[in-house]
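K.L.:
Have a look at the structure that comes next, please.
Just so it is clear, none of the values below were taken in a lab; they were calculated from the coordinates. Computed from a prediction, not measured in an experiment: that's the story for all the values here. Ideal geometry is used to build each Cβ from the backbone, glycine not excepted, and the neighbour counts take in all protein chains shown.
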Amino acid sequence: MVDIEIIIRQTMYGIGIGMIFALVALGLSLTFGKMKIVNLAHMLFYALGAYLVFTTTTLAGSFLYGILLSVAICFILGMLSEQILKYLYGKTIEYTFIVTYAILLIGIDIIKSIWGVDYKAVASPKELSWAIPFLGIEFYRVFVIIFSVILYLLIILFMRYSMLGKIIVAFIDNDEHLQAMGINPRIATLLMFALGSALAGIGGSLHAPLYVTFPYMVGDMLLYAFATVVAGGIGSVTGTLVGGIILGLGYSYAGYIQPFLSPIVVFLMLFIILIVKPEGIFGTK
Amino acid sequence: MLRYYNVQLRTLKSLGKWTDVFLLLVLLLVVLPLFIPRFLLADILAWSILIFAFNLLYGFLGYLSFGHLAYFAVGAYTFTFAIRYLHIDPLLAIILAPLAGAFVGALFGVAVVRRGDIYFALTNLSISVVVYYVVLFFLKDYTGGDAGVFVPLKSGIIDLSSRGTVYLVILIVFTLVFILYKILSKSTFALLLQAIKEKEDRIKFLGYNTFLIKYIAYIISTSLAALGGAMLVLSHAYVSASVFFPVYNGEIIVMSMFGGPLSIYGAIVGASTYLGLKYVIAAYIIRWELIVGIILLTIMVLARGLGICGVAEKVLKRTKIISVVSR
């Protein structure tokens with residue numbers, strides 16, 4: 001009854017969008033898991049990535065420069081944002097929520113004053129926008145999946161084998177012991193914010209051709225990113241990836257039946273996941 | 001004779017308890033309409049009923065709900081449908097709205113109130129998203145989606161189409177809610193909620209069914225939120241789905257924290273400050289977010305999470321005025 005082509009296509013769409021959810025959500029997951037900061041300002045990097053890609057594609061005609069630029073800028077801005085948010089360590093969650101909400105409002109306004117308030121469409125790059133024969137999928141969707149998988153693998157390898165990555169893992173596990181070893185835990189927090197922001201920037205740049213850039217684009221992604229974080233298990237790297245893909249699949253299958261069903265299905269899935277396993281799929285108590 | 005005086009004294013004493021309700025009523029009925037347009041005041045009252053509902057869970061129980069707009073929407077659309085499609089008297093529809101809120105709250109509450117923290121926040125958010133998209137698309141023929149529908153308010157026993165009458169009705173409902181909240185905040189029930197906030201296991205050991213207590217608190221909260229939604233529709237005579245967009249749940253938390261979630265006046269102070277700022281600044285400056293964001297940041301940092309009322313109470317306590325003002 002249902003075509004195999006459609007199933008494959010929707011699966012590809014779902015994995016692609018799920019990967020973007022996971023990329024944006026990873027920074028949130030790390031900072032929320034350890035520092036207990038609901039960092040709404042994190043979503044600004046997602047919007048910034050999308051807008052930078054828009055700028056480079058219109059000015060220089062290059063998609064790749066946009067990604068590289070957003071990585072560099074978001075990395076630096078992420079470090080800067082930590083300089084402000086470090087005052088929030090150890091505060092209550094609601095307090096951090098309000099302060100970052102205020103920063104989000106200010107950031108949206110800055111974006112408005114730089115790029116204007118109107119909708120801006122980003123075309124997917126020419127060399128990636130050819131259709132795959134027989135399936136009718138734009139190659140860009142596959143590119144998103146490949147790119148994010150490589151990125152995620154790099155992150156996992158970085159966490160496991162490099163010294164800086166090990167410091168982050170140790171910090172998440174037990175920050176006092178890390179300090180007793182003579183390592184400044186600020187290295188870990190700085191790196192977590194910078195990496196998370198850079199990934200959110202990449203997520204934004206990859207999402208821009210599939211979506212439309214406008215100042216309030218953070219709204220929808222904010223909901224999905226938080227859903228991903230909690231569904232996958234707070235503070236877990238693999239959990240965020242798995243959560244993102246599961247929610248993304250639900251999003252795309254439901255979207256095939258009726259476009260407006262996607263958010264309903266995503267959040268019903270989140271509801272069910274939370275009732276069955278309150279700490280998330282990969283979460284620990 | 002002595003006994004008679006005693007009784008009189010006691011009535012006076014218990015009357016003193018309600019001074020603040022009376023003052024608030026006079027302020028909202030006589031003084032404030034002179035300076036502030038009535039539509040804004042009606043809006044503030046409707047939102048502050050919602051903040052009361054939110055504070056009941058957040059202030060006493062410590063459960064932060066990120067989805068009370070869902071119940072706001074349930075109340076608003078129950079009110080709308082009852083008047084527009086069932087042709088029920090608007091005054092009766094006001095009673096129907098909290099009942100619908102209680103029903104939906106009782107339905108979801110079984111699953112939602114088991115745990116606090118992020119679990120509670122996100123399950124509520126899911127409900128909010130689902131309700132929003134159901135309203136926006138599935139019921140679009142009836143709700144009008146983002147474009148919204150008008151609500152005929154002329155049909156009832158009392159003509160509710162004039163601004164003055166509407167404001168009076170909203171004010172009466174608000175006062176009743178405020179009195180209810182005041183009674184509730186002094187009751188054993190609120191004490192139990194606060195005790196659960198401190199340590200739930202101990203209350204369980206004492207023999208209380210903590211689930212039932214939280215469940216009842218949740219249902220009271222949802223029905224109050226639905227009542228607030230009905231008041232919002234009453235004040236605008238119009239309802240649009242765009243008000244209930246799930247991200248705006250953040251505004252509820254902001255209003256609550258602005259006023260101070262622990263104080264009984266927090267809701268009205270927070271709602272009026274935030275909405276006032278938003279309306280006034282948005283009327284003069286296009287980029288209102290920058291200014292509101294900076295003001296928000298300053299107030300939050302200065303008030304250290306206590307809110308305006310929390311700080312005021314602290315200052316008053318230090319100068320010992322608080323014992324004179326009812327407390």
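K.L.:
Quick one: compute the contact order of chain A, relative version, from alpha carbon pairs under 8 angstrom and 6+ residues apart, as a percent. Spell out each step's value before the answer.
P.N.:
Working: 440 pairs, mean separation 105.1, N = 285.
Relative CO of chain A lands at 37 percent.
K.L.:
Another question, if that's okay. How crowded by other chains is B:115-124, given as the mean number of beta carbons from other chains within 10 Å of each beta carbon?
P.N.:
Details: counts 3, 0, 2, 12, 6, 2, 6, 13, 7, 1.
Neighbouring Cβ atoms belonging to other protein chains average 5 per residue here.
K.L.:
Can I ask one more? Taking square-rooted eigenvalues a ≥ b ≥ c of the alpha carbon gyration tensor, is region A:17-215 rounded, prolate or oblate, where a/c under 1.5 means rounded and, failing that, a/b exceeding b/c means prolate? List each step's numbers first, then the result.
P.N.:
Details: a/c = 2.40, a/b = 1.48, b/c = 1.63.
Oblate shape, in that a/c is at least 1.5 and b/c is the bigger or equal ratio.
K.L.:
Continuing with this model, one more query. Looking only at other chains, what is the average number of their beta-carbon atoms within 10 angstrom of each beta-carbon in A:34-42? If you can, show how the numbers build up before the last one.
P.N.:
Values: counts 0, 0, 1, 0, 3, 0, 2, 0, 0.
Partner-chain Cβ atoms within 10 Å, mean over residues of A:34-42: 1.
K.L.:
Let me know the shape class of chain B, please: from the alpha-carbon gyration tensor, a ≥ b ≥ c as square roots of the eigenvalues, rounded when a/c is under 1.5, otherwise prolate if a/b is greater than b/c, or oblate.
P.N.:
Values: a/c = 1.33, a/b = 1.20, b/c = 1.11.
Rounded is the answer for chain B, as its axis ratio a/c remains below 1.5.
K.L.:
Relative contact order for region B:35-245 using alpha-carbon pairs under 8 Å, separation at least 6, rounded to a whole percent?
P.N.:
Once normalised by length, the contact order is 45 percent.
K.L.:
Another question, then. Based on the Cβ-Cβ distance from A:M163 to B:Y208, what FRET efficiency comes out when R0 is 41 Å, to the nearest 0.05? List each step's numbers first, then the result.
P.N.:
Values: r = 52 Å, r/R0 = 1.27.
Approximately 0.20, to the nearest 0.05.
K.L.:
Which shape class applies to region B:88-144: rounded if a/c is under 1.5, otherwise prolate when a/b exceeds b/c and oblate if not, where a ≥ b ≥ c are the square roots of the Cα gyration tensor eigenvalues?
P.N.:
Values: a/c = 3.42, a/b = 1.45, b/c = 2.37.
Oblate shape, in that a/c is at least 1.5 and b/c is the bigger or equal ratio.
K.L.:
Let me ask something else about it. May I ask you to derive the FRET efficiency for A:K277 and B:Y284 from their Cβ-Cβ distance with R0 = 56 Å, giving the value to the nearest 0.05? Could you put the intermediate results ahead of the total?
P.N.:
On the way: r = 50 Å, r/R0 = 0.89.
It comes out at approximately 0.65.
K.L.:
Given a Förster distance of 22 Å, report the FRET efficiency between B:L25 and B:R163 from their Cβ-Cβ distance, rounded to the nearest 0.05.
P.N.:
Calculated value: 0.75.
K.L.:
Work out the mean other chain Cβ neighbour count within 10 Å for the residues of B:127-133 and drop it here as an integer. Display every interim value, and only then the final one.
P.N.:
Details: counts 3, 2, 10, 7, 2, 3, 7.
Partner-chain Cβ atoms within 10 Å, mean over residues of B:127-133: 5.
K.L.:
Please report the Cα spread of the protein assembly as shown along all three principal axes, rounded to whole Å, starting with the longest.
P.N.:
95, 62, 51
K.L.:
How big is the dipole moment of chain B about its Cα centre under a simple scheme where the beta carbon of each Lys and Arg is +1, that of each Asp and Glu is -1, and everything else is neutral? Debye, nearest 20, please.
P.N.:
About 1240 debye.
K.L.:
Once label points are set 7 Å from the Cα along Cα→Cβ at both A:F147 and B:R115, what is their separation, rounded to one decimal in nm?
P.N.:
3.5 nm
K.L.:
Let me ask something additional. Hand me the tally of lysine pairs in chain A: alpha carbons under 20 angstrom apart, and the pair either on different chains or 8 or more positions apart.
P.N.:
Pairs that pass both the separation and distance tests number 9.
K.L.:
Jot down the per residue volume, in cubic angstrom and as a whole number, of the convex hull over the alpha-carbon atoms of region A:1-96.
P.N.:
On the way: hull volume 13.0 nm³, N = 96.
That works out to 135 Å³ per residue.
K.L.:
Just want the answer: with Cβ charges of +1 for Lys and Arg and -1 for Asp and Glu, which residue in B:L191, A:Y161, B:I220 is farthest toward the dipole's positive end in the protein assembly as shown?
P.N.:
After comparing all options, I get B:L191.
K.L.:
By how many nm would the segment from B:D141 to B:Y238 grow when fully extended, if each residue of separation counts as 0.36 nm and the alpha-carbon distance is taken off? Intermediate values should be presented prior to the final figure.
P.N.:
Values: separation 97, 0.36 × 97 = 34.92 nm, distance 1.54 nm.
Contour length minus the Cα-Cα distance gives 33.4 nm.
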